[in-house]
Amino acid sequence: MATIRLTERDLRILDTLHLHRVLTTPQIGELFFSGTASRAAQRRLLGFAENDLADRFTPRHPGWNAPHHWTLGPEGARVVATRLGLTPKQIGYRPDTHLRLRASTRLGHATGLAQTYVRFATTARATPGATLQRWWSEARCSTAWGHRVCPDGYLRWRQDGTTLDAFVEYDTGTEPLVRLTEKISRYRDLAVETRLATPVLFVVPGPRRLTSLCRVLDGGPRVPVHVTTHARLAYPGPTRPVWRRAGDPDCGVRPLVDLA
């Protein structure tokens, strides 16, 4: 057992590390402390590292100093697993997770997807009448729908009596458009199977990618596809009119609650 006394906030941090596999110090600060530069977050995470609750690494990026990246440590994995009535192995923990992520070409995708969650979670917290009721990880989505398609995430957003269930796709701009059209076809197959017209929300690097996706991705009435950019998701934020309907160039941009 760790030598520090774990608070309810500590347990939520460990659960969130398990959910997303990796979070940066600013992301943890924004989710659980006073902001991205929280000194309290930095101090607490150092305590996590000293007690094997979390592991950290710093990616090398030419030209800028990357923040610490955090993953579950062996003691943190034990705490999370025990609360679920499982073993660390059963929750998918591997002692070399931080080493594997550090060398992975998908690290940017993992942290970007985590930032997408951060933006939805913190926006819900700051929006009267709004709640992020559900966020499923990539792994849980794969378990639920992997026989058809593997979304990056799945959310349930509740605002002023309206509920939106949607799949989330975090796009780094590297996947060919033809592969994304094939993915929409698989989403359409899933919609036929479930008899549910669930929207798919794409978050893309910039305006050119947004224009390209809106031109080629048309899921029809069964799979409404809506697209925004990383920057627009950050500001003015996901609740604002930042979502453009793919396949419908004349529809303009819409706020999140109107996508339900």
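The values are calculated or read from the model by the stated rules, or taken from the named source; none is laboratory data. Small disclaimer: the values here were computed from a predicted structure and weren't measured. Glycine gets a Cβ as well: all are built from the backbone with ideal geometry, and neighbour counts include every protein chain shown. Quick note on the areas: whole protein, heavy atoms, side chains included, nothing else; ligands and nucleic acids left out. Shrake-Rupley method; radii C 1.70, N 1.55, O 1.52, S 1.80 Å.
Taking the condition among the basic types (Lys, Arg), part of a strand (DSSP E or B) and open to solvent by 10 Å² or more (accessible area, probe 1.4 Å), does Arg209 pass? Spelling it out, it is not the case that Arg209 is among the basic types (Lys, Arg), part of a strand (DSSP E or B) and open to solvent by 10 Å² or more (accessible area, probe 1.4 Å). Between a residue in region 242-260 that is of a type in the set (D, E, K, R) and any residue that is assigned to a loop (DSSP other than H, G, I, E, B), which pairs come within a Cβ distance under 7 Å, given they are 6 or more apart or on different chains? If the second residue must be assigned to a loop (DSSP other than H, G, I, E, B), the pairs left are Arg245/Pro224; Arg245/Cys251; Arg254/Pro241.
For region 212-229, give me each residue that is buried (at least 19 other Cβ atoms within 10 Å of the Cβ) and either within 21 Å of the chain's Cα centre (by Cα) or assigned to a helix (DSSP H, G or I) (or both). Can you show your working first?
If we filter region 212-229 for residues that are buried (at least 19 other Cβ atoms within 10 Å of the Cβ), which is where we start, we get 213-214, 217, 219, 223-229.
The answer is Leu213, Cys214, Val223, Pro224, Val225, His226, Val227, Thr228, Thr229.
Checking each residue in region 98-128 for being in contact with a strand residue (DSSP E or B) (Cβ under 6 Å, 6 or more places away or on another chain) and either among the aliphatic types (A, V, I, L, M) or surrounded by fewer than 19 Cβ atoms within 10 Å (Cβ to Cβ) (or both) picks out Arg102, Gly112, Leu113, Ala114, Ala121, Ala124. A Cβ distance below 7 Å, combined with a sequence gap of six or more or placement on separate chains, defines the contacts here; from region 182-203, residues that are touching a residue at least 60 places away in the same chain (Cβ under 8 Å) reach residues that are aliphatic (A, V, I, L, M) and not in a loop (DSSP other than H, G, I, E, B) in the pairs Pro199/Ala166; Pro199/Leu259; Val203/Leu233. For region 34-90, name all the residues that are of a type in the set (A, V, I, L, M, F, W, C), more than 19 Å from Ala103 (Cβ to Cβ) and at pLDDT below 95. Of everything in region 34-90, those that are of a type in the set (A, V, I, L, M, F, W, C), more than 19 Å from Ala103 (Cβ to Cβ) and at pLDDT below 95 turn out to be Ala37, Trp64.
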